[in-house]
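The values are calculated or read from the model by the stated rules, or taken from the named source; none is laboratory data. The structure presented is a predicted model; accordingly, all values stated were derived computationally and were not measured. Methodologically, a virtual Cβ is constructed for each residue, glycine included, from the backbone with ideal geometry; neighbour enumeration extends over all protein chains shown.
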Ligand SMILES: [Zn+2]
């Protein structure tokens, strides 16, 4: 094994660059936020995701000063204790427990309706079908919009569902009036009926709703999203009906939205940063050409109405706006686009800093060693490597670390 000289690497910030994923739901060419991150000149590429973490399916790469590179997962296997500290390295098996992403979502396509299993179900699914569920761990996640972001988030309030039924009587095929006083059974039953409609049933309801919107000029946010996605998915995707059961929410830059285990959700448009536990376990049920696992989804989903409440960040002593979530694998904060200087300590844990925008400079106050980060590049700051000055030059910096084990040395 070719280990890099440890003293040099760990006496300053370590430069890291993420990887890109194309997908049918990504924005196209230079309209994608990811285009400038990866300096893409391909105007046909659907640049959907930029991954900055150590997940083995698309690890980021450490960029050494001599020009050589090493995948971040392999780098951490070599140096986990030095980077993450002993207790985090032990708890997370020498892996980085969180993953930062940038997503750029084409509104004509949207992302699939999905849910992520809790820890227990993730272990079971991984044991049963490791190729479909690659990780034995859960995937709580938080979305941090860079532009206004629209998403489907859990089930609607009953009053709003009633309004949907009044606007679209066709939905009575899956929601019965007499189920409204049956607690969470209302949504369990509606979801089960929806996925039992089958090959003929779904198109019948979808086309009836489409022609009602056209004929009666029905106007509401749900109708607008339905019409847009109907063009993309045709008549037979269950997601076109599921969206009437779910909250349709818009969140703004500066807010965060936390997605706990088993909550059905789908990002429909916009650009955002995501931070999540390092897992790629997705159970899909609609708005997707990918494999659906309807039986698992129906079994796992949380069937109560939920009011989506965006998380408002709180400024910490380092000047970062920090989003608190129940997840122990990550804590994420950011400084908004602009120019300024911040001081970051690694006393309590390793940090990953991702720069978006023109340029950020990260400099060790102990050794003076520095890295300059272009759009999308990151610096890995090992635990107890001292304090760092972060200088933003028309840039925004996202700071991620492990939340749950404060004294991680
Ligand atoms: Zn998700």
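Is it true that some residue in region 232-247 is within 16 Å of the ligand (Cβ to nearest atom) and assigned to a strand (DSSP E or B)?
Keep residues of region 232-247 that are within 16 Å of the ligand (Cβ to nearest atom), which gives 239, 242-243, 246-247.
With the extra rule that they be assigned to a strand (DSSP E or B), the set shrinks to 246-247.
Within region 232-247, one or more residues are within 16 Å of the ligand (Cβ to nearest atom) and assigned to a strand (DSSP E or B).
Among residues belonging to region 141-152 that are within 20 Å of residue 327 (Cα to Cα) and either within 14 Å of the ligand (Cβ to nearest atom) or modelled with pLDDT under 95 (or both), point out the one that is farthest from the chain's Cα centre (by Cα).
144
For region 93-105, how many residues meet the condition of being crowded, with 21+ Cβ neighbours inside 10 Å and either over 30 Å from residue 46 (Cβ atoms) or touching a strand residue (DSSP E or B) at 6+ places or on another chain (Cβ under 7 Å) (or both)?
Number satisfying all stated conditions: 9.
Please list, ordered by first then second residue, the pairs with beta carbon atoms under 7 Å, 6 or more apart or interchain, first in region 265-291 and in the same structural domain as residue 196 (by TED's automatic domain parsing), second within 12 Å of the ligand (Cβ to nearest atom) and modelled with pLDDT under 80.
none
Here's the yes/no breakdown for (1) part of a helix (DSSP H, G or I); (2) within 16 Å of the ligand (Cβ to nearest atom); (3) under 27 Å from residue 266 (Cβ atoms):
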| position | (1), (2), (3) |
| --- | --- |
| 76 | yes, no, no |
| 108 | no, no, yes |
| 117 | no, yes, yes |
| 120 | yes, no, yes |
| 132 | no, yes, yes |
| 135 | no, yes, yes |
| 139 | no, yes, yes |
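Applying the selection to region 282-310, what residues are modelled with pLDDT under 85 and surrounded by fewer than 17 Cβ atoms within 10 Å (Cβ to Cβ)?
289, 290, 291, listed by residue number.
Within region 154-173, can one find any residue that is closer than 30 Å to residue 352 by Cβ and modelled with pLDDT of 90 or more?
Yes, region 154-173 contains at least one residue that is closer than 30 Å to residue 352 by Cβ and modelled with pLDDT of 90 or more.
Looking only at region 141-193, count how many residues are assigned to a loop (DSSP other than H, G, I, E, B) and closer than 30 Å to residue 97 by Cα. Full working, then the answer.
Within region 141-193, the first condition is being assigned to a loop (DSSP other than H, G, I, E, B), and the residues that meet it are 146-148, 156-157, 168, 174-176, 180-184.
Pick out the ones that are also closer than 30 Å to residue 97 by Cα and you get 146-148.
The qualifying residues number 3.
Which of the residues that make up region 97-106 are more than 14 Å from the ligand (Cβ to nearest atom), within 21 Å of residue 148 (Cβ to Cβ) and assigned to a strand (DSSP E or B)? Steps first, please.
Step one: filter region 97-106 for residues more than 14 Å from the ligand (Cβ to nearest atom), giving 97-98, 100, 102, 104, 106.
Right, trim to within 21 Å of residue 148 (Cβ to Cβ) and you get 100, 102, 104, 106.
Selection gives 100, 102, 104.
Looking at 48, 54, can you tell me which residue is within 23 Å of the chain's Cα centre (by Cα), closer than 30 Å to residue 296 by Cβ and within 16 Å of the ligand (Cβ to nearest atom)?
Sole residue among the options that is within 23 Å of the chain's Cα centre (by Cα), closer than 30 Å to residue 296 by Cβ and within 16 Å of the ligand (Cβ to nearest atom): 48.
Kindly check whether there is at least one residue in region 38-60 that is farther than 19 Å from residue 279 by Cβ, in the same structural domain as residue 100 (by TED's automatic domain parsing), out of contact with any helix residue (DSSP H, G or I) (no Cβ under 6 Å at 6 or more places or on another chain) and buried (at least 20 other Cβ atoms within 10 Å of the Cβ).
No, region 38-60 contains no residue that is farther than 19 Å from residue 279 by Cβ, in the same structural domain as residue 100 (by TED's automatic domain parsing), out of contact with any helix residue (DSSP H, G or I) (no Cβ under 6 Å at 6 or more places or on another chain) and buried (at least 20 other Cβ atoms within 10 Å of the Cβ).
Looking only at residues in region 257-278 that are out of contact with any helix residue (DSSP H, G or I) (no Cβ under 7 Å at 6 or more places or on another chain) and not in a strand (DSSP E or B), which one is farthest from the ligand (Cβ to nearest atom)?
Per the stated criteria, the residue is 278.
Among the residues of region 367-387, write down those that are part of a strand (DSSP E or B) and farther than 24 Å from residue 274 by Cα.
Residues satisfying the conditions are 370, 387.
Quick check on this structure: which one of 333, 254, 319 is more than 16 Å from the ligand (Cβ to nearest atom), assigned by TED's automatic domain parsing to the domain that holds residue 118 and at pLDDT 95 or above?
254
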